[in-house]
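To keep things clear, I will list the structure first and then write my remarks on it.
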Amino acid sequence: MTADTTLTLPMTLIDVPKDRARSLDAAWVEGLAVLIASQGLMHPIRVRPVGQRFELVSGLRRYRAAELLGWASIPYTLSTAETADDARLEEVMENLGRQELIALDRCHSLYELKQVWERKYPHTKNGHNSPKKQEEGGTQSLRSSSESQEIFGFARANAEKIGLSKRSIELAVKIWTDLSQASRDRLVGTALACKQTELKALSELSHKLQAQVLDLVLGDDDVTNVSGALQALEGGVVPDPIEKQLTALRKTVSKLPEPVFDRLILENEERVIAALKRQGRI
């Protein structure tokens, strides 16, 4: 058996690493399951052997979709990754090559790529060659530390490989680093997760303020972005839940034809009368 040979493997023999470089959106998995059920699995998952079992390298959504469909086995190809870091690097590079990768997942993937890269090539950490490596001739010596940082820094080393600029890689990594774990978890499956500008604005806030902003953006239809949430918080005008319901109801009721409005009142006559009595109107 060689890499890229497609075979089938019992689902029960596959282990999924706890920390993945891409968030799992349940709604996405359900939609994918529908597509796979009608079209079949177009791309096999990728695994690597670990002892008598196999560890998933890439294809978590496909694997979970197959679980939803009740599959006993799934098509796979065999990874040549020898270590967990090799497997993570393979997973991340595949993710970054996919066009549908949303902003939050791209930030996560680039952060993971940086972690793996610096573990595999520690002399590049902090953007420079280590003196030991230079003495051993392991890498080319450079004339200045600034030039060394420019060439051997993680972002510069990987920019061409993944088709992103050095600056865009650094920004994505910073966004993921500055978001709290709670914020990352809450962002999964939301509209904000698709917009890097919103993620950047959120990441620049304290963790406490991130939570307050997300409370508003994810819990109020009238607040749709980080800027709007900050304006509400700074102005001390945090939307009241009852007022929010009233606003939505007013819009609906104002558009009702008279016959429909009359019927609505009649069907709720007892509650209307009771409310008027509480207000001292009758």
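The values are calculated or read from the model by the stated rules, or taken from the named source; none is laboratory data. What you see is a predicted model; the values in this text were computed from it and never measured. Positions of Cβ are backbone-derived with ideal geometry, glycine not excepted, and every protein chain shown enters the neighbour counts.
A few remarks follow.
- From the options Ser227, Ser180, residue that is at pLDDT 95 or above and either hydroxyl-bearing (Ser, Thr, Tyr) or within 30 Å of Asp105 (Cα to Cα) (or both): Ser180
- Residue, farthest from Met11 (Cα to Cα), within region 36-89, restricted to residues that are exposed (fewer than 15 other Cβ atoms within 10 Å of the Cβ) and hydroxyl-bearing (Ser, Thr, Tyr): Thr83
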